[in-house]
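Everything on this sheet refers to the single structure shown next.
The values are calculated or read from the model by the stated rules, or taken from the named source; none is laboratory data. All figures in this text were calculated on a predicted structure; none of them were measured in a lab. With ideal geometry, Cβ positions are generated from the backbone for all residues, glycine too; neighbour counts draw on all protein chains shown.
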Amino acid sequence: MTNKDIVQHALSELITTGSTKGLEPLLSEDFVHHRPDATSSTKTEWLAAVEAALVPLAGMQVEIRHLLADGDHVVLHTRRRLPDGPEIAVVDIWRVDGELISEAWEIIEPVAAAHANLTWWDPAGR
């Protein structure tokens, strides 16, 4: 199985079953999830957070825009929308080691806020 296949299988397990049970064995025991605010969580902590979000996120539509692999890294760009909620763009970067996902990074941006973030560097644009 390629690294892209492993990540795609993990996402499919989560979305189609609505449970982390199929995802859990695809993560290494020392799995680390990194957030943009420099916090991170362990496998147990991250799975608990994902499990807690499954009910509020039920019915979420996920459209895979890009799935790219380079060595042991896989990049997944998706657009996600709740039935009556805002659309978000998500970029996940996964590192696969020995056919298990060992690290993940995640960036989430509301699509409606994207334009405002295009000039983050310009003091006049803030």
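Among V32, V7, which is the only one that is hydrophobic (A, V, I, L, M, F, W, C), farther than 26 Å from A112 by Cα and assigned to a strand (DSSP E or B)? Before you say what the answer is, go through the steps one by one.
Numbers: V7 fails: assigned to a strand (DSSP E or B).
Going through V32, V7 in turn, just one is hydrophobic (A, V, I, L, M, F, W, C), farther than 26 Å from A112 by Cα and assigned to a strand (DSSP E or B): V32.
Only one entry of R65, R79, R35 meets the criterion of being closer than 21 Å to P110 by Cα, in contact with a helix residue (DSSP H, G or I) (Cβ under 8 Å, 6 or more places away or on another chain) and not β-branched (V, I, T), and that entry is R79. If you go through region 72-108 and keep only what is within 12 Å of the chain's Cα centre (by Cα) and surrounded by fewer than 14 Cβ atoms within 10 Å (Cβ to Cβ), you end up with I107, I108.
Please specify each residue of region 45-66 satisfying the condition of being at pLDDT 95 or above and either farther than 29 Å from P83 by Cα or surrounded by 15 or more Cβ atoms within 10 Å (Cβ to Cβ) (or both). Once the filter is applied, which keeps residues that are at pLDDT 95 or above and either farther than 29 Å from P83 by Cα or surrounded by 15 or more Cβ atoms within 10 Å (Cβ to Cβ) (or both), region 45-66 yields W46, L47. Scanning region 15-37 for residues that are closer than 22 Å to V55 by Cα and in contact (Cβ under 8 Å) with a residue 40 or more places away in the chain gives I15, G18, L26, L27, H33, R35.
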